[in-house]
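**Student:** There's a structure below that I have some questions on.
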Amino acid sequence: MKKVVIIFLLVFSQTIFGLGSITQTEKLAATCKVWGFLKYYHPKIASGELNWDNQLLEKLPLIEKAQTKEEFSLILENWIDDLGTVKEVAPIVLSKDVKFFDKNFDLSWFNDKLFSKKLSKKLKFIEENRFQSNEEFGPSFDCFKNLKNYFNLDYTDKNTKLLMLYAYWNVVEYYFPYKYVMDQRWDKTLNEILPSVVQSNTPEDFYKVLRKTAAKLDDSHVEFHIYPSSATAKKSFYYFPATGKVIDKKLVITEILGDSLAEADNIKIGTVITKINNRSIREIIEEKRDMISASNEAAFLDKVLRSILVSESEKVNVEFMNDGKCETKEMTWFNYHDSHRNEFKKGAQKKKDKFKLLDHNIGYVNMGVIKPKNVPDMIDALKLTKAIVFDMRNYPNGTFEEIAAFLNSKEKEFCQYTMPYLNYPGRYEWTEGRKCGTENKENYKGKVIVLLNEDSISQSEWTAMCFQTAGNTTIIGSQTAGADGNVFEFDFSGFHTGFSGIGVYYPDGRETQRVGIVPDIEVKPTIKGIKEGRDEVLERALLYIETGK
């Protein structure tokens, strides 16, 4: 009797499964996952024996015609069977020396309601008998598996656009170390953007969808550059002759890039802009929010400025705030490639001190200017000071090693990494951390102050972690960009993008991605301070040096 009941239930469940309808988006999302999994796990595909991209393009028309879950699963089952027998090598023994980091790892979708039990079992079998690579992770590692770019694709073809999306989605799925800290689950993003990819009618429409997809990584390292095309080549771009910061949803000028151009419209340090072309700065910011990837709000507001201060029109209406009153001017913005180019460059490249001695025997080092060859002179000049301020509100030039040897009395670990475990794609392993400093009884004995803000990204944050090992280090400023480590970069047909490639953590496992380097003393510039020409962050550092508070 039990046997009869079991057979009945089995037949009934398969009948119900077969009757289930399936949407195009469901099919395409599931196909994306299966295609990407096989790309990295199936021995014949991962080894590069097959042109896996072409196989996808051949199968997509069949998948589009599938009307039920049963038909859909059967197509995928037959596809896997056509690849040939996977040799059973399980159990694959994992080294006891490997300490896994698995917050990113999730293959639970094998049991998706869209899949037959037979298909789910095939996928699990391939996982257990997956491709084993002799490759070591390093700068030359190819996430795309023998296909380094997608330059020659036709983005007017629906299936070609899907191929591009699938390639990008899966490289993030398996090789983005911070997938687990995204605001939105990556598979949800896939389901959301698939209809837009299918419906995009021009390359520009498609790029816009991909840019929105990249923004979902919530990673300040992510950039999205569109290559010039026949459509974009005809466009001219015009720029505001200064740059600034967003404070209280207003744009405050902090640096003049073209002196005479700014003077013509009475633009000064501290000038407050409230509207551009009759739209408030707040409105413009919100409009661009889904197009920019940033680890946190501070980094987003910093990155969004690049798009606020550029226009496709030479004439721009700008509303300024002067003495509490609003004033609108029609400004002429300037093309960097015209006769004003040199003036913009000159304004942006004003000479800055590498290091100097401030009042009260306090040293100051501009980490964005000083280079390794300058470090010995800096040490000689500042070694007897009572404190040194390392201004890292910029991007350093690889000086961490020499300076850390000066600051530390002995070698210390300052960070550890998670790296892709190539024989189990999607999993990461903890690796030996990075050390800095050396045995040095003559190390610096004064206070070490590091200034940081939203301009501090990647090497800035990493160097700050290094300097924290000195033990007498105080971080002053505001939240950093929250994107540490190297960058994986990818070239596609029409655009270039990338993302953070390895995980960076403190030795005790504390996260830096999205969090950034947390200041011991938080201080941010104010509109009042900027107008007065003050550096309030540096002022706070000097106060701390003198008072200890």
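**Student:** Can you give me the number of residues within segment 497-525 that are touching a strand residue (DSSP E or B) at 6+ places or on another chain (Cβ under 7 Å) and under 22 Å from L251 (Cβ atoms)?
**Tutor:** Counting residues in segment 497-525 that are touching a strand residue (DSSP E or B) at 6+ places or on another chain (Cβ under 7 Å) and under 22 Å from L251 (Cβ atoms) gives 2.
**Student:** Any residue at all in segment 53-64 that is at pLDDT below 95, part of a helix (DSSP H, G or I) and loosely packed, with under 11 Cβ neighbours inside 10 Å?
**Tutor:** For segment 53-64, residues at pLDDT below 95, part of a helix (DSSP H, G or I) and loosely packed, with under 11 Cβ neighbours inside 10 Å: present.
**Student:** Right, another one. Go through (1) assigned to a helix (DSSP H, G or I); (2) within 28 Å of E49 (Cα to Cα) one by one and return the number of the condition E70 breaks.
**Tutor:** Going through (1) assigned to a helix (DSSP H, G or I); (2) within 28 Å of E49 (Cα to Cα) one by one, E70 breaks only (2).
**Student:** Also, I was wondering about something else. Looking at the structure I just gave you, is S458 out of contact with any Gly (no Cβ under 6 Å at 6 or more places or on another chain), within 19 Å of Q416 (Cα to Cα) and not hydrophobic (A, V, I, L, M, F, W, C)? Write out each step before concluding.
**Tutor:** Working: out of contact with any Gly (no Cβ under 6 Å at 6 or more places or on another chain): yes; within 19 Å of Q416 (Cα to Cα): yes; not hydrophobic (A, V, I, L, M, F, W, C): yes.
Spelling it out, S458 is indeed out of contact with any Gly (no Cβ under 6 Å at 6 or more places or on another chain), within 19 Å of Q416 (Cα to Cα) and not hydrophobic (A, V, I, L, M, F, W, C).
**Student:** A further question on this structure: Given the residues G471, G446, G482, which is the only one that is at positive phi and at pLDDT 95 or above? Don't jump to the end; show me each part of the working.
**Tutor:** Details: G471 fails: at pLDDT 95 or above; G446 fails: at positive phi.
Among G471, G446, G482, only G482 is at positive phi and at pLDDT 95 or above.
**Student:** Hey, does segment 270-278 have a residue that's in contact with a Pro (Cβ under 9 Å, 6 or more places away or on another chain), among the small types (G, A, S) and in the same structural domain as V316 (by TED's automatic domain parsing)?
**Tutor:** Here is the first cut: in segment 270-278, the residues in contact with a Pro (Cβ under 9 Å, 6 or more places away or on another chain) are none.
No, segment 270-278 has no match at all.
**Student:** Here's a follow-up. Does segment 487-501 hold any residues that are farther than 17 Å from D218 by Cβ and either surrounded by fewer than 15 Cβ atoms within 10 Å (Cβ to Cβ) or at pLDDT 90 or above (or both), and which are they? Spell out the reasoning first.
**Tutor:** Our first condition is that a residue be farther than 17 Å from D218 by Cβ; within segment 487-501, this holds for 489-496.
Listed by number, the residues that qualify are E489, H496.
**Student:** Then there's this: Any idea which of T254, T232, T243, T271 is modelled with pLDDT under 90 and either within 21 Å of K531 (Cβ to Cβ) or touching a strand residue (DSSP E or B) at 6+ places or on another chain (Cβ under 9 Å) (or both)? Write out each step before concluding.
**Tutor:** Working: T254 fails: modelled with pLDDT under 90; T243 fails: modelled with pLDDT under 90; T271 fails: modelled with pLDDT under 90.
Exactly one of T254, T232, T243, T271 is modelled with pLDDT under 90 and either within 21 Å of K531 (Cβ to Cβ) or touching a strand residue (DSSP E or B) at 6+ places or on another chain (Cβ under 9 Å) (or both), namely T232.
**Student:** Separate question: All but one of (1) of a type in the set (V, I, T); (2) part of a loop (DSSP other than H, G, I, E, B); (3) touching a strand residue (DSSP E or B) at 6+ places or on another chain (Cβ under 7 Å) hold for T438; state the number of the condition that does not hold.
**Tutor:** The one condition T438 does not meet is (3).
**Student:** With respect to the numbered conditions (1) closer than 30 Å to S47 by Cβ; (2) touching a Cys at 6+ places or on another chain (Cβ under 8 Å), which one is the sole condition not fulfilled by N408?
**Tutor:** Here N408 clears every test but (1).
**Student:** Mind telling me which of the residues I75, I45 ends up being hydrophobic (A, V, I, L, M, F, W, C) and surrounded by 20 or more Cβ atoms within 10 Å (Cβ to Cβ)? Break it down into steps so the answer makes sense when it comes.
**Tutor:** Details: I75 fails: surrounded by 20 or more Cβ atoms within 10 Å (Cβ to Cβ).
So the residue among I75, I45 that is hydrophobic (A, V, I, L, M, F, W, C) and surrounded by 20 or more Cβ atoms within 10 Å (Cβ to Cβ) is I45.
**Student:** For G347, which of the numbered conditions (1) buried (at least 17 other Cβ atoms within 10 Å of the Cβ); (2) modelled with pLDDT of 85 or more fails to hold?
**Tutor:** So the condition that G347 fails would be (2).
**Student:** Only one of these is in contact with a Leu (Cβ under 8 Å, 6 or more places away or on another chain) and surrounded by fewer than 20 Cβ atoms within 10 Å (Cβ to Cβ): I285, I269, I273, I247. Name it. Break it down into steps so the answer makes sense when it comes.
**Tutor:** Values: I269 fails: in contact with a Leu (Cβ under 8 Å, 6 or more places away or on another chain); I273 fails: surrounded by fewer than 20 Cβ atoms within 10 Å (Cβ to Cβ); I247 fails: in contact with a Leu (Cβ under 8 Å, 6 or more places away or on another chain).
That would be I285, the only listed residue that is in contact with a Leu (Cβ under 8 Å, 6 or more places away or on another chain) and surrounded by fewer than 20 Cβ atoms within 10 Å (Cβ to Cβ).
**Student:** Are there any pairs with C-beta distances below 7 angstrom linking a residue in segment 455-468 that is over 9 Å from M392 (Cα atoms) and in the same structural domain as G485 (by TED's automatic domain parsing) to a residue that is modelled with pLDDT of 95 or more and among the small types (G, A, S), with the two at least 6 apart or on different chains, and if so which?
**Tutor:** These pairs meet every condition: I457/S220; I457/A481; I457/A483; S458/A483; C466/A404; F467/A404.
The values are calculated or read from the model by the stated rules, or taken from the named source; none is laboratory data. These numbers were taken from a predicted model, which means no experiment stands behind them. Counting neighbours? That spans all protein chains shown, and the Cβs are built from the backbone with ideal geometry, glycine included.
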